[in-house]
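See structure below.
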Amino acid sequence: MNEGETKNSPSALRQVVLGPWEAVGGKVGRGLKECCLSLAFLARVLVRFPIVLKNRELTLKQTISIGVSSLPLLVVTSIFTGAVATFQCAFQFRNFVPDKFIGTAACKMILIELGPVLTGLVLAGRVGSALAAEIGSMKEKEELDAMTVLDLDPVRYLALPRFAAFILMMPALTVISDLLAIFGGWLVAVLSLDMTTYTYTSGLQLYFQTKDLYSGMLKSFIFGIIICLMGYLSGANAGSGARGVGEAVMKAVVSACVLILIFDFVVALCFF
Amino acid sequence: MPGVKIDENDIMIELHGLRKAFGPQQVLRDVTLDIRRGETITIIGQSGGGKSVILKHMIGLLQPDGGEVRVDGQTISTPTFFDTKTIRQKMGMLFQNGALFDSMNAGENIAFALREHNREMSEETIQAEVTEKLEMIHLKPEFRWKMPSELSGGMRKRLALARAIALRPKILLYDEPTTGLDPVTSDVINDLIIDMQQKLGVTSVVVTHDMASAYKVSDRIAMLYEGRIIACGTVDEIRGTDNPYVKQFITGQRKLPTA
């Protein structure tokens, strides 16, 4: 068969016309299937939630690992985020609005968006990747099978403590991140923008609504669930070998980050 | 050679027409095998031939595409039915690489399942059980503080065996118990397999391609070839078989022996 015949054959034409649609359809189908599997897994975790206190030690260990150990990274990212947010507000609006509105803008930005989203992204990178690598490595070494064989439910002993730790620590870390970001903004305001502490803090209080804070907390709670689910499921479904674990880690971080941004928008739509 | 009395009609594990495929690869085509209560049976066969897959069906880690698995008179899995919860605590498994929980020390590896399944058990009793299990595998009680990463291959296997017997199972499954070990350490593991049968009265299923081990620990040997059990008999029967595939495997020849 020569090249011309190949190009014009029905199968080649079908490939040209339908190929991209089939590829897109396949990806959408796989995405939907993974969404269903994630929701089913979430249901399995929630069903076991009433027994979370039976394994207090495991939950406490995870709480320390997820929460306390993430603090140093969070301190650095939050202070600089707050600082740059305040600096940009001043740079963009200083000629048009009074100085105290710079504090107002920074505060709103930090509480509603920057605090929860950046905490979520930082934790997806630091803790979500570690979770996927740990569970993927356990799967590779047959530790998950060993648990099942010993009649120890991996969801109860591995997923549930981490889930509880995430939904407990994410809002807590977000509050800390908000405070540190506001502190970072104050440092820039006082040291670089020639604003007084009074101007900055009175700006923070101006137009403050409690829903600014609550929407951020709700977001962080949802982000905690997302990071935990994506990390655990990617690890539990990891392929074999170092490459399989590496791909699971990448998938955990990428899917958590994408979902964080999507759900950030969804919550924003619901609240504002 | 183990010397426990075995009733030929008292079947502990029954595999009937077991079939399993992974994608396009048909691993098990028609596996039928009866394992008697109290015996040690060894399944031999080429690497990648599906021996471990059979074990995973027995313990309920895999569901068959066809056929049936019965344990202790109870159907645990068919293509449309899967209920392994009731038999899990009757069975223990020694995984190929031990599959020890790396984040726990040796004692915790043994105690974890004990503690979770016997919430009313005191810590003293649990620690006494851990000591007993360590002694059964000829390790000192101080060994409990070691982390899995500090152990040699043989010690990891022994510790994994101690963990497998923690819940006093009736059936023990061994997945390649001597693979990767030197001949002396392999023999220690072989002796432990015989010990477990004689002291605990367990039914043992060993998957291996180490013929020295198979001859030493087995009451019967079954050969898996291209997804089917092509021979099953006592050690002497297998040694004297006319089946060319079994002969080729047990003598370790590259080519099929001519008649």
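Pairs of Lys residues in segment A:56-271 that lie 8 or more places apart, or on two chains, and have C-alpha atoms under 15 angstrom apart add up to 4. For segment B:156-230, the square roots of the Cα gyration tensor eigenvalues, ordered a ≥ b ≥ c, give a/c of at least 1.5 with a/b no greater than b/c, which places it in the oblate category.
If you take all other residues with their beta carbon under 15 Å from the beta carbon of B:ASP7, and give Lys and Arg +1 and Asp and Glu -1, the sum is -2. For the residues of A:139-147, the average number of beta carbons from a partner chain within 10 Å of their own beta carbon is 6. Which value in nm describes the separation of the simple spin-label points at A:ASP153 and B:ASN118, placed 7 Å from the Cα toward the beta carbon? The modelled label-to-label distance comes out at 2.3 nm. Highest-first packing order for the peptide set B:182-193, B:72-83 is B:182-193, B:72-83, based on the mean count of other beta carbon atoms within 10 Å. Taking every residue in B:102-109 and counting other chain Cβ atoms within 10 Å of its Cβ, the average works out to 1.
The modelled label-to-label distance for the pair A:LEU179/B:ASP102, using points 7 Å beyond Cα in the direction of Cβ, is 3.6 nm. Relative to the longest principal axis of the Cα atoms of chain B, the long axis of helix B:153-164 makes an angle of roughly 80 degrees.
With a ≥ b ≥ c taken as the square roots of the eigenvalues of the C-alpha gyration tensor of chain A, please select rounded if a/c is under 1.5 and otherwise prolate if a/b is larger than b/c or oblate if it is not?
Numbers: a/c = 2.58, a/b = 1.39, b/c = 1.85.
It is oblate, given that a/c is not under 1.5 and a/b is not larger than b/c.
Would you mind classifying chain B by shape? Square roots of the alpha carbon gyration tensor eigenvalues, ordered a ≥ b ≥ c; an a/c under 1.5 is rounded, otherwise it is prolate if a/b is larger than b/c and oblate if not. It comes out prolate by the Cα gyration axes. Angle of helix A:100-109 to the longest C-alpha principal axis of chain A, folded into 0 to 90 degrees and rounded to 10: 20°. When only the Cβ of Lys, Arg, Asp and Glu is charged (+1, +1, -1, -1), the dipole of chain A relative to its Cα centre reaches about 340 debye.
Rounded to the nearest 20, the Cβ-based charge dipole of chain B about its Cα centre (Lys and Arg +1, Asp and Glu -1) stands at 440 debye. Ranked by the mean number of other Cβ atoms within 10 Å of their residues, highest first, the peptides A:18-26, A:255-263, B:15-23 come out as A:255-263, B:15-23, A:18-26.
Among all the aspartates and glutamates, which ones have a C-alpha under 16 Å from B:LYS146's C-alpha, if same-chain residues fewer than 8 places away are not counted? Of all the aspartates and glutamates, those that pass the test against B:LYS146 - Cα under 16 Å, at least 8 places apart if same chain - are B:ASP102, B:GLU108, B:GLU135.
Give the calculated FRET efficiency between A:SER192 and A:PHE93 to the nearest 0.05, with a Förster radius of 22 Å applied to their Cβ-Cβ distance. Calculated value: 0.90.
Every number in this text was worked out from the coordinates using simple rules, so none of it is lab data. In this text, all values refer to a predicted model and were calculated from it rather than measured experimentally. Here the Cβ is made from the backbone with ideal geometry for all residues, glycine too, and neighbour counts use every protein chain on show.
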